[in-house]
Amino acid sequence: MLLAELFPYANAVFYVFTALYIITAIGCIIVVVSENRNPVRSLAWVTVLLLLPVVGILVYLFFGRSLKSVMMISRNNRMKRSGQASLNTPESSNFSLSESSLQIINLVNSLGEPHFFKTNQVDIFTEGEAKFSQLKADLLAAKKYINFQYYIFSADTIGKELAEILIQKAHEGVKVRVIYDHVGSWSIASSFFKHLREEGVEAYPFLKVTFPQLANRLNWRNHRKVVVIDGEVGYIGGMNIADRYVTGEKGYKAWRDTHLRIVGDAVKGLQFSFAIDWNFMKRMLLDQPCTSTLAPNAETVGMQIVISGPTQPLNAMSMVLLRAISQAQKCIYIQTPYFLPEESMKSALQAAALSGVDVRIMIPLYPDSKILKYSSLSYVKECLAADIKVLLYTERMLHAKCVIIDDEFVTTGSTNFDFRSLEHNFECNALIYSKSFCTKMKAIFLADSEQSCEEMTLEEWVKRPLSQRALESSSRLLGPVL
């Protein structure tokens, strides 16, 4: 009675807001159903929207929306950029590759811009100190332009050193462009990037998250790590710009990761990836040339550059991995910091192992997130039961993202083996088709296995504490969001 006297229109307001909520919830449900997603996920989102008033709509707005209809670059600009980069693929039958490799090449050609870069020289870095030392040398040698993109660009020791080099080159007249992910670099003071801009470096955040666009942008992160210098040298891999990859942090050893330095035609593919992101940020279409000079008598490899992300109707990396795993005849070696596979990917790995393929999955025992740790560990029993070998990397944080299959195929880049990388993030990977390169990567994997890993057995795993099992099961529910 008192409430009615104080707020005479309380009932009317309540009914209005209830009606608005019901209309909004029904609208969200219609959108979910009309997108024709996986029926299980669609049903899960409908359940959340119906059973969690207000909270359900907020969760959907932040994590449930699809970007499939969003264009990263206009068709006209895409055609212009493809022409500038000369991304036409020669006839695949001319390559001395296995039928499995040719099928993956054709798959990538069907999913995106047709390109296979036949002649490339590649250096492999597994330690941050060596990678950043070479990167600094290449940046200092730049004469024309630097295109520089990282998910995290920290303002720590290594970050400040690289920032000073970028500023120096900008002062010398080199065109320097920087893309950093706004959420990935959220903890970095805005003054760090403001200083770069004031000194002539074009440094901009990808999908900057501000309050009006919070729900539209928070879930879609650019996880790519790509550098192109003068169109001659390119970098791609898993390392961000942070001291943790060089000296470690908080008493822990430096992270173990994998990064590539590329000289050759594949630099055009890295340039194409950067150009699309730069255009998406509503800046000019890049038309900078790529002309790499190979070292004489050095070994070369064939390569494709695959860009993937939530705007694609068909996710390129997800389909490449599924096809490559399904074709495996001898071995599948996977290194990933987080193992949260899609159901189809998990089934493909289980089927391969049960049919006699040597399947090994290496994940860190001590990752940088406890929730992600237990989410990943929740899949261990299913893997062990299907004869998949599970290796726990115990020495330090393993951040490498590599898949090695049989004798000729390797992919590494920014893509983790999890839901977020394969569905929500903008990623970039190199696909390398080479027996000698594959042998090198296998040697690195096996060395890690012998020197830094513990192999789990099903007998040991079933004895883990009940409290850990509960943490695994509850964390796994967050897998699609994480």
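The values are calculated or read from the model by the stated rules, or taken from the named source; none is laboratory data. Because the structure is a prediction, the values reported are computed rather than measured. Neighbour counts are summed over all protein chains in view; Cβ atoms, including those assigned to glycine, are modelled from backbone coordinates with ideal geometry. In case anyone asks, the SASA skips ligands and DNA or RNA and just uses the protein heavy atoms, side chains included. Shrake-Rupley method; radii C 1.70, N 1.55, O 1.52, S 1.80 Å.
Over every Cα atom in segment 95-149, the radius of gyration and the widest Cα-Cα span, Dmax, amount to 16.5, 42 Å. Placing unit charges on each Cβ (+1 for Lys and Arg, -1 for Asp and Glu) gives segment 364-482 a dipole about its Cα centre, and among ASN425, TYR393, MET441 the Cα reaching farthest toward its positive end belongs to ASN425. Of all lysines in the structure, the ones whose alpha carbon falls short of 28 Å from that of LYS253, not counting any fewer than 8 places away in one chain, are LYS131, LYS136, LYS160, LYS225, LYS370, LYS373, LYS389, LYS401, LYS440, LYS442. For segment 362-482, the normalised intensity computed at q = 0.16, 0.17 Å⁻¹ comes to -0.89, -1.00 (log10 of I(q)/I(0), Debye sum over alpha carbons, equal scatterers, no solvent). What a 1.4 Å probe finds exposed on segment 96-252 is 50% carbon and sulfur by accessible area, rounded to a whole percent. With a Förster radius of 45 Å applied to the beta-carbon distance between THR394 and GLU172, the computed FRET efficiency rounds to 0.50.
When both bridge partners sit in segment 342-421, DSSP labels roughly 45% of those beta bridges antiparallel.
The residues of segment 270-383 expose on average 38 square angstrom of accessible surface per residue, using a 1.4 Å probe on protein heavy atoms. When segment 125-266 is described by a simple charge dipole with +1 on each Lys and Arg Cβ and -1 on each Asp and Glu Cβ, the residue from SER133, GLY200, TYR180 located farthest towards its positive end is TYR180. Close amide H partners of PHE339, meaning residues 5 or more places away or on another chain with modelled amide H under 5 Å apart, are SER376. Of all accessible surface on segment 334-419 at a 1.4 Å probe, what whole percent is carbon and sulfur? C and S fraction of accessible area: 51 percent.
3J(HN,Hα) along segment 258-264, derived from phi through the Karplus expression 6.51 cos²θ - 1.76 cosθ + 1.60 where θ = phi - 60°, amounts to 9, 9, 10, 10, 10, 10, x Hz, with x in place of Gly and Pro. Applying a DSSP loop filter and a limit of 12 other Cβ atoms within 10 Å to the GluC sites (Glu not before Pro) in segment 134-201 leaves GLU172. For THR293 and GLU202, a Förster radius of 22 Å and the Cβ-Cβ distance give a FRET efficiency of 0.25, rounded to the nearest 0.05.
Dividing the radius of gyration of the alpha carbons in segment 278-383 by their Kirkwood radius gives 1.08 for Rg/Rh.
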